[in-house]
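Here's the structure we're looking at; comments come further down.
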Amino acid sequence: MASQMEASIAPELNDGRAADRQRMVDEIIAIAAESMESYPAVSLDPAVLTVMRRVPRHEFVPGVRRHAAYRDRPLDIGDGQTISQPFMVALMTSLLHLKPSDRVLEIGTGCGYQTAILAELAGDVFTVEIVESLAKRAAATLTRMRYANVHTRIGDGNSGWPEAAPFDCIIVTAAPDHMPDGLVAQLKEGGRMVIPVGGTEQTLKVVTKQGGGQISEGDIMPVRFVPFTRDAS
């Protein structure tokens, strides 16, 4: 069952795209309903969907692809990276069970759209992107859109953000081939991490840190993400 958390809602926009965002959310709901037949752990939070009806996804998409911004599919954002399909953004965010006071670590800023969704629902968002050009572009967009609770960094996501740890939630938007222990260590006790794991075959997982530092993992569904990039230096 989806949680009923309250959201910090983005202001209503008069950009002519509200109907596009509503159609996007309607498609997300339909995909979730179909997915639940095979993967019962799929669940959407109404607060996440409310935010996605308002946050202008087209502002985060490169100009030549803005016409496709509200279609439920991943889009190329350059440098071999993609913006996740809206359904996956909704699902991963919902699985975090965010509260307005939460401190969140995001690995893989990309274009910043997922970051904006997190910033609407959480207290502070710390986001790391290894591709410098993407990180700078996302930071500029998030600043222009006045997300004062977002903190950006260019670097290797495998290291997380140690000086800001521990985090209530961690979300990873690229797939490592194994569970990154360094990120798990930066979770608070009781914290949750949503992450795709695997090589050719990937699985979206929810990792929970329980009492005494014990870790539990739950599989949600098969997914396909770009590989987790690490600093080769």
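The values are calculated or read from the model by the stated rules, or taken from the named source; none is laboratory data. Predicted, not measured: the structure shown is a model, and the values here were computed from it. Positions of Cβ are backbone-derived with ideal geometry, glycine not excepted, and every protein chain shown enters the neighbour counts. Surface accessibility is based on the protein's heavy atoms, side chains included, excluding ligands, DNA and RNA. Shrake-Rupley method; radii C 1.70, N 1.55, O 1.52, S 1.80 Å.
With all protein chains present and a 1.4 Å probe, how do LYS188, LYS205 order by accessible area, largest first?
I get LYS188, LYS205, largest accessible area first.
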> Where in the stretch 82-177 are there trypsin sites (Lys or Arg not before Pro) that are in a DSSP coil and have at most 11 other Cβ atoms within 10 angstrom of their Cβ?
Replying inline: ARG146
> Which residue, GLN214, GLN202, GLN22, tops the fluctuation ranking in a GNM of the chain built on C-alpha contacts under 10 Å?
Replying inline: GLN214
> Which value in nm describes the separation of the simple spin-label points at ASP177 and SER159, placed 7 Å from the Cα toward the beta carbon?
Replying inline: 2.3 nm
> For a label point 7 angstrom out from the Cα of ALA148 toward its Cβ, which stretches of the stretch 99-129 have the backbone nitrogen within less than 15 Å?
Replying inline: 120, 123-125
> Over the Cα atoms of the stretch 119-233, what is the Rg over Rh ratio if Rh follows Kirkwood?
Replying inline: 0.97
> Out of GLY80, GLY218, GLY123, any idea which swings most in a Gaussian network model of the chain, alpha carbons joined below 10 Å?
Replying inline: GLY80
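What percent does the relative contact order of the chain come to when contacts are Cα pairs within less than 8 Å and at least six residues apart?
16 percent
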>> Among THR143, VAL51, ILE154, whose Cα projects farthest towards the positive end of the dipole of the chain, with charges put on the beta-carbon of Lys, Arg (+1) and Asp, Glu (-1)?
In response: THR143
> What is the dipole size for the stretch 5-98, taken about its Cα centre, with +1 at each Lys and Arg Cβ and -1 at each Asp and Glu Cβ, in debye to the nearest 20?
Replying inline: 260 debye
> Taking the Cα centre of the chain as the origin and placing charges on Cβ (Lys, Arg +1; Asp, Glu -1), which of GLY108, VAL25, THR203 is farthest toward the positive end of the dipole?
Replying inline: VAL25
>> Rg and Dmax in Å for the stretch 1-152, alpha carbons only: what are they?
In response: 14.5, 41
>> For a quick check, take a GNM of the chain with Cα springs below 10 Å and name the residue from ALA138, ALA175, ALA41 with the largest mean-square fluctuation.
In response: ALA41
> About the Cα centre of the chain, what is the dipole size in debye to 20, counting +1 per Lys and Arg Cβ and -1 per Asp and Glu Cβ, all else neutral?
Replying inline: 600 debye
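Using a 1.4 angstrom probe with every protein chain in place, what is the largest-first accessible-area order of SER94, SER38? Before the final figure, lay out each step's value.
Values: SER94 5, SER38 80 Å².
Highest to lowest solvent-accessible surface, that is SER38, SER94.
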> Just for the stretch 1-160, what percent of DSSP beta bridges are antiparallel, to the closest 5?
Replying inline: 25 percent
>> Relative contact order of the stretch 16-114, please, whole-number percent, based on alpha carbon pairs below 8 angstrom and at least 6 residues apart.
In response: 29 percent
>> Tell me the mean residue ellipticity at 222 nm calculated for the chain from its helices only (DSSP H runs of n ≥ 4, each -39500 (n - 2.57), averaged over every residue, nearest 500).
In response: -7500 deg cm²/dmol
> Of all the accessible heavy-atom surface of the chain, with the other protein chains kept in place and a 1.4 Å probe, what percent is carbon and sulfur?
Replying inline: 50 percent
